[in-house]
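Below you'll find the structure I mean.
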Amino acid sequence: MNASSQDRRGRTKHLALASSEGASVASIDVAAPLPRAGSAAGQIALHAGYLGARDDGSLQVVHNGAVLPVQMASSCLLQAQAADLVAYVLVGETGYVVHVLKAAASPEMPPRVQLPADAELVVGAGTLTLSAPEIALQTPALKVDTERTEFRAREAQMVAERAFSVVGALDAVWTSVKMAGTLWRSVFDRHESHAQHHLRMSEGTDAVKAPIVDVQADTLASTRAENVAVDAKTLVKLRGGQVHIG
């Protein structure tokens, strides 16, 4: 059966603003379309009140003098806390917070947005931009999967107890590099280095072990020490235009 013309124009819902004591402080008439007869939505009214906290940490609201438990509606991502002014609906004996009208946030309890389990944030096109003076990520595991990553920073710090990386090709341009550690170990099939000036100092032993060691200098090759030993199992050769010993 169709609703009458007066019903189509709307009906009045009462939005009661209640204090934490449950006392009504104001009433506002809001026109809203009347659902068809028999619709369950016609039995749901929107209310407002201040939340309180139970001993177990759950939330409650005082509705018409009765203390009722409340929980967050799936559509309300901003998590309500005790002393917040919220809009809620009643389903049976349980209230569902659908909006946080005024948050009573404090430095100890900042506002918190919480998504349900296995949630996904999707932007169909364009760019998703996060802007804040400081962004902190706290998670047991962070996974990033992207075709291209670009990172720019005036200053960057990384602290890790252990790091592991697999890179197909690495190109780096560094103005100055300083490294300090207890052990440096590298394994390569081929190792090449080129420098305009190369200086190496070792406080302990500096040893080179290879089947063939070839040292070439264009003008001068010098070995200086308090004691120098040249030991060959088979043959020692000294060859030059002039050979001076002593």
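Which distance in nm do the two modelled labels at Ser222 and Val67 give, with both placed 7 Å along the Cα-to-Cβ direction?
Between Ser222 and Val67, the label points sit 9.1 nm apart.
Given the convex hull over the Cα atoms of the stretch 65-151, what projected area results after averaging over all orientations, in nm²?
Here the figure is 9.3 nm², rounded to one decimal.
In whole angstrom, how far apart do the alpha carbon centroids of the stretch 123-140 and the stretch 68-116 sit?
Cα centroid to Cα centroid, the span is 24 Å.
Could I ask something else about it? Just for the stretch 58-106, what percent of DSSP beta bridges are antiparallel, to the closest 5? Please list the in-between numbers first.
Values: 12 of 15 bridges.
Restricted to the stretch 58-106, the bridges split so that about 80 percent are antiparallel.
Further question on the same structure: Taking the radius of gyration and the Kirkwood hydrodynamic radius from Cα positions alone, what is the Rg/Rh ratio for the stretch 142-246, to two decimal places? Each step should come with its number before you reach the end.
Values: Rg = 22.3 Å, Rh = 20.7 Å.
Reported Rg/Rh, Kirkwood definition of Rh: 1.07.
Here is a follow-up. For q = 0.11, 0.13, 0.16 Å⁻¹, what log10 I(q)/I(0) does the stretch 77-218 give under the Debye formula with an equal point scatterer on each alpha carbon and no solvent?
Listed by q, the Debye log ratios stand at -0.82, -1.00, -1.30.
Please give the length that would be gained between Ile135 and Leu78 if that part of the chain were fully extended, namely 0.36 nm times their separation in residues minus their C-alpha to C-alpha distance (nm, one decimal). Working shown, then result.
Working: separation 57, 0.36 × 57 = 20.52 nm, distance 1.81 nm.
Fully extending the segment from Ile135 to Leu78 adds 18.7 nm.
OK, next. Run the numbers for Arg54 and Trp174: contour at 0.36 nm per residue of separation, minus the present Cα-Cα distance, in nm.
Working: separation 120, 0.36 × 120 = 43.20 nm, distance 5.81 nm.
Going from the current span to full extension adds 37.4 nm.
What is the mean projected area of the alpha carbon convex hull for the stretch 73-116, to one decimal in square nanometres?
That works out to 3.3 nm².
State, to one decimal in nm, how far the label point of Val98 lies from the label point of Ile44, with both points 7 Å from Cα in the Cβ direction.
About 0.6 nm, to one decimal.
Right, something else. Which FRET efficiency, nearest 0.05, do Leu121 and His198 yield, Cβ-Cβ r, R0 51 Å? All intermediate terms of the calculation are to be shown ahead of the outcome.
Numbers: r = 51 Å, r/R0 = 1.00.
Computed FRET efficiency for Leu121 and His198 comes out at 0.50.
So how much slack lies between Phe188 and Ile212, counting 0.36 nm per residue of separation and subtracting their Cα-Cα distance, in nm?
On the way: separation 24, 0.36 × 24 = 8.64 nm, distance 1.74 nm.
Length difference between fully extended and current span is 6.9 nm.
Okay, next question. If a paramagnetic tag sat 7 Å from the Cα of Asp231 along the Cα-Cβ line, which residues of the stretch 168-208 would have the backbone N under 15 Å from that point?
208
When N is the residue count of the stretch 179-229, what does its C-alpha Rg come to as a fraction of 2.2 N^0.38 Å?
Details: Rg = 14.2 Å, N = 51, 2.2 N^0.38 = 9.8 Å.
Cα-based Rg divided by the globular estimate yields 1.45.
Only the coordinates and a few stated rules stand behind these numbers; no lab work does. Note that the coordinates shown come from a computational prediction; the quantities given were computed from them, not determined experimentally. Note that we place each Cβ from the backbone using ideal geometry, even for glycine, and neighbour counts take in every protein chain shown.
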